[in-house]
1. As a test of the formula, what do you get for the chain when each DSSP H run with n ≥ 4 contributes -39,500 (n - 2.57) and the sum is divided by the residue count, at 222 nm and rounded to the nearest 500 deg cm²/dmol?
2. Please report the orientation-averaged projected area of the stretch 22-81, defined via the convex hull of its C-alpha atoms, in nm².
3. Quantify, in whole percent, the carbon and sulfur part of the accessible surface of the chain (1.4 Å probe; protein heavy atoms only).
4. Where nothing but the Cβ of Lys and Arg (+1) and of Asp and Glu (-1) is charged, how large is the charge dipole of the chain around its Cα centre, in debye to the nearest 20?
5. For the chain, what does the relative contact order come out to in percent, with C-alpha contacts under 8 Å and a separation of six or more?
6. What's the extension gain from Ala15 to Arg55 if we count 0.36 nm per residue and subtract their Cα-Cα distance?
7. Step through the residues of the stretch 69-75 one at a time and calculate ³J(HN,Hα) from phi using the Karplus curve (6.51 cos²θ - 1.76 cosθ + 1.60, θ = phi - 60°), rounding each to whole Hz and writing x for Gly and Pro.
8. Can you order the peptides 81-87, 58-64 by their average number of other Cβ atoms within 10 Å per residue, highest first?
Amino acid sequence: MHKHETKAQGIDLEAAEALIAALQRDLAKVSAGSADLQILEGEVEALRNVLVSPRPKRRRVKEALHDIRAALEHALETVEGEAIRDWPYIAEIGRILGMR
């Protein structure tokens, strides 16, 4: 992580980075091929790219977290969702965004 503040106006960037790293590890364990999982992988990669910038914009981090949450919720509705049903990421994203 660059030497920027770990909080971007209320968004814990270190928590977001840890979430992305864990999500990438877990996605690598799930069989590829599903369009929903490919979308999720793309959203995770997009947020990772935002987070590695020298000055991540709060608005973009927040949007990306919302996009990942939506992709996770959608993926849960598919057959492939069984593989990710027990993942804690939706709740963790809510915590990072300040949703209780």
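The values are calculated or read from the model by the stated rules, or taken from the named source; none is laboratory data. Owing to the predicted nature of the structure, the values given are computational and were not obtained by experimental measurement. Virtual Cβ from ideal backbone geometry, glycine too; neighbours counted across all protein chains shown. The accessibility values were calculated without ligands, DNA or RNA, using every heavy atom of the protein model including side chains. Shrake-Rupley method; radii C 1.70, N 1.55, O 1.52, S 1.80 Å.
1. Numbers: 4 runs with 61 residues, N = 100.
Value at 222 nm, helices only, nearest 500: -20000 deg cm²/dmol.
2. Working: hull surface 15.7 nm².
Projected over every direction and averaged, the Cα hull of the stretch 22-81 covers 3.9 nm².
3. On the way: 2980 of 5940 Å².
Carbon plus sulfur share of accessible area: 50 percent.
4. Details: 15 positive and 17 negative charges, 140 e Å.
For the chain, the charge dipole is close to 680 debye.
5. Values: 86 pairs, mean separation 34.6, N = 100.
Reported as a whole number, the value is 35 percent.
6. Numbers: separation 40, 0.36 × 40 = 14.40 nm, distance 1.59 nm.
Length gained, Ala15 through Arg55: 12.8 nm.
7. Values, residue by residue: 4, 5, 5, 5, 4, 5, 4 Hz.
8. Working: 81-87: 14.0, 58-64: 16.9.
Highest to lowest by the protection proxy: 58-64, 81-87.
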